[in-house]
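Single-structure report; data block below.
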Amino acid sequence: MKSAAFWRPVRRVLVTLPVLWVVVSVVFFLIHLVPGDPVVQMLGEGATASDIGALRHAYGLDAPLGDQYLHYWRGIMHLDLGSSLRMHDSVMHLVLQRYPYTLALTLAAMVIGVAVSLPAGVLSALHRNRWQDRTLGVVSLIGLSFPNFALGPILILVFSIALGWLPVSTAGNGGGGDFLLHLVLPGLTLGLSLAAVLTRMVRTAMLEELGQDYIRTARAKGLTENQVVYRHALRNALIPILTVMGLQFGSLLSGAIVTETIFSWPGLGRLTLSAISNRDYALVQGCILAIGLTYVAVNLLTDIAYTIVNPRMRRA
């Protein structure tokens, strides 16, 4: 059993490696199909042919596409993602510099989403078809229908401009408290949308578990309602909820591009958008690789969380 528990996450990593290879390969080839020359864009239309050729040779862009692809993978094996065409810096340094901001924003949104959705979903399931359930259903539907690019400016208008409680944008240059204050509004923008999705998922999973025979048995044994709901029903309902959370974590990373732009958050999303608009091949590939590795890590952690929540899955 211990051997199976050890090899399960290892097999999961091995399965996701081909997916990561496909993602990086597709991004590499597609970015080269985008019209326009990044070297001409960087030097300007008045650049001479010799200057363009020299810069293209310096970045290896004059080599055949297959050679560029192999060179890129050799660099990945040595943790060298190349240099940015526009920022004249190492791609690895730029990604590592911006990645913590995106990770902090995503984790904040996840914490907000879970903190709101778990009690709301449980409350909705316990009061099925009553006014509490209907009210939470309407609120979650509004949350699902409200895009981030609309919610973000509204939060800025209310909490920053009208009330003056929170800073408008950027990550702040002060200490930890200052950083957390700047994190609140973008975290709420992403987290409230996630809460709307998770609330409906928690309600559905809880309704299914509350109708099981073991719940009636637990109540017949004299357990309190809190023990029945939170110790038994909610724990078993967490399996599908964890699956959705793992998938939504990836959605938060991609959704962070819009949110980071609205709040001028110096994360990986804004860096990716800037790299795409500038046709900065190496930087786009580095950003996508970082997001892909995050997907792999989250899937692995979700798989491990299954065995913690439900010990029976350790034997699978």
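The values are calculated or read from the model by the stated rules, or taken from the named source; none is laboratory data. Just so it is clear, the model here is predicted, and its values are computed rather than measured. Methodologically, a virtual Cβ is constructed for each residue, glycine included, from the backbone with ideal geometry; neighbour enumeration extends over all protein chains shown.
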Checklist entry - Filtering the stretch 60-113 down to residues that are in contact with a strand residue (DSSP E or B) (Cβ under 9 Å, 6 or more places away or on another chain) and touching a residue at least 40 places away in the same chain (Cβ under 8 Å), which residue is surrounded by the most Cβ atoms within 10 Å (Cβ to Cβ)? => result V91
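Mind listing just one residue for me: the one in the stretch 258-280 that is surrounded by 24 or more Cβ atoms within 10 Å (Cβ to Cβ) and over 10 Å from R98 (Cβ atoms) and, of those, farthest from the chain's Cα centre (by Cα)?
First, the residues of the stretch 258-280 that are surrounded by 24 or more Cβ atoms within 10 Å (Cβ to Cβ): 259-260, 263, 265, 267-269, 271-272, 275, 280.
Applying the additional criterion that residues be over 10 Å from R98 (Cβ atoms) yields 259, 263, 275, 280.
Details: T259: 12, F263: 17, A275: 19, D280: 22 Å.
Once the filter is applied, the top-ranked residue is D280.
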Checklist outcome for this item: Cβ pairs under 6 Å, 6+ apart or interchain, first in the stretch 240-268 and closer than 15 Å to V298 by Cα, second aromatic (F, W, Y) and in a helix (DSSP H, G or I), ordered by first then second residue, are G250/Y295
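Does I156 satisfy the condition of being of a type in the set (V, I, T), exposed (fewer than 13 other Cβ atoms within 10 Å of the Cβ) and outside any loop (DSSP other than H, G, I, E, B)?
Working: of a type in the set (V, I, T): yes; exposed (fewer than 13 other Cβ atoms within 10 Å of the Cβ): no; outside any loop (DSSP other than H, G, I, E, B): yes.
In short, no.
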Next on the checklist: Here is a check on your reading of the model: is A205 over 30 Å from P266 (Cα atoms), in contact with a helix residue (DSSP H, G or I) (Cβ under 7 Å, 6 or more places away or on another chain) and crowded, with 19+ Cβ neighbours inside 10 Å?
Outcome noted: yes
Next on the checklist: Quick check on my filter: what residues within the stretch 48-88 are within 19 Å of S25 (Cα to Cα), assigned to a helix (DSSP H, G or I) and modelled with pLDDT under 75?
Outcome noted: none
Checklist entry - When only residues in the stretch 115-129 that are surrounded by 13 or more Cβ atoms within 10 Å (Cβ to Cβ) and among the aliphatic types (A, V, I, L, M) count, which is farthest from E225 (Cα to Cα)? => result V116
Next on the checklist: Can you tell me which of (1) in contact with an Asp or Glu (Cβ under 9 Å, 6 or more places away or on another chain); (2) at pLDDT below 75 is the one P311 doesn't meet?
Outcome noted: (1)
Item to check | Some residue of the stretch 200-212 being free of Cβ contacts under 8 Å to residues at least 60 places away in the same chain and farther than 24 Å from F249 by Cβ | outcome: yes
Checklist outcome for this item: Of the residues in the stretch 258-283, those that are over 23 Å from Y72 (Cα atoms), assigned to a loop (DSSP other than H, G, I, E, B) and among the polar types (S, T, N, Q) number 1
Next on the checklist: Of the conditions (1) buried (at least 19 other Cβ atoms within 10 Å of the Cβ); (2) closer than 20 Å to G211 by Cα; (3) modelled with pLDDT under 85, Q132 satisfies every one except a single condition; which number is it?
Outcome noted: (1)
Item to check | Count of the stretch 231-280 residues which are hydrophobic (A, V, I, L, M, F, W, C) and in contact with a Cys (Cβ under 8 Å, 6 or more places away or on another chain) | outcome: 3
Next on the checklist: When you scan the stretch 187-203, do you find a residue that is at pLDDT below 85, polar (S, T, N, Q) and over 30 Å from S90 (Cβ atoms), even just one?
Outcome noted: yes
Item to check | Pairs with Cβ under 8 Å, 6+ apart, first in the stretch 13-26 and over 13 Å from L300 (Cβ atoms), second surrounded by 11 or more Cβ atoms within 10 Å (Cβ to Cβ) and of a type in the set (S, T, Y) | outcome: S25/Y69
Checklist entry - Taking L293, is it within 23 Å of G152 (Cα to Cα), modelled with pLDDT of 75 or more and assigned to a helix (DSSP H, G or I)? => result no
Checklist entry - List pairs: first in the stretch 114-133 and more than 16 Å from L198 (Cα to Cα), second assigned to a helix (DSSP H, G or I) and not aliphatic (A, V, I, L, M), Cβ under 8 Å, 6+ apart or cross-chain? => result H127/D133; Q132/S124
